[in-house]
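A quick write-up on the structure given underneath.
The values are calculated or read from the model by the stated rules, or taken from the named source; none is laboratory data. Computed from a prediction, not measured in an experiment: that's the story for all the values here. So basically every Cβ, Gly included, is an ideal-geometry build from the backbone, and we count neighbours across all protein chains shown. The protein model used for the area step is the full one, side chains on, heavy atoms only, and it has no ligands, DNA or RNA in it. Shrake-Rupley method; radii C 1.70, N 1.55, O 1.52, S 1.80 Å.
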Amino acid sequence: QVQLVESGGGLVQAGGSLRLSCAASGLTFSTYAMGWFRQAPGKEREFVAAISWSGDSTYYADSVKGRFTIARGGIKNMVFLQMNSLKPEDTAVYYCAADRGVVSTVDQNYVHWGQGTQVTVSS
């Protein structure tokens, strides 16, 4: 059974940082691209960042480029999202997802999802 478990969310002031983690189990981690998505209240889920199965390629939404960094740790089946210079508009539930194919920015391509972790940025 595939499980993706996010952690690291919380409340932070604008300009602060958080590091989200996602622990993956029940899948051959090294063959999956991984992504982070987020959903704010009343809004649709949106792409944040993605990383290829090899870790060689990364993609970011324009809104987070230069502030967020995605990385993966192959041995421990972990994927991370380092978030710096946080803004109130980054407030959302953040989801980790696994994509069996080529790395994608499209949520429909992701086959496994975590339960999400809340990030709240106060102004």
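If you go through the range 68-113, how many residues are open to solvent by 50 Å² or more (accessible area, probe 1.4 Å), among the charged types (D, E, K, R) and under 21 Å from GLY26 (Cβ atoms)?
2
Please specify each residue of the range 43-67 satisfying the condition of being on the phi > 0 side of the Ramachandran plot and open to solvent by 60 Å² or more (accessible area, probe 1.4 Å).
If the condition is that a residue be on the phi > 0 side of the Ramachandran plot and open to solvent by 60 Å² or more (accessible area, probe 1.4 Å), then GLY66 is the only one that fits.
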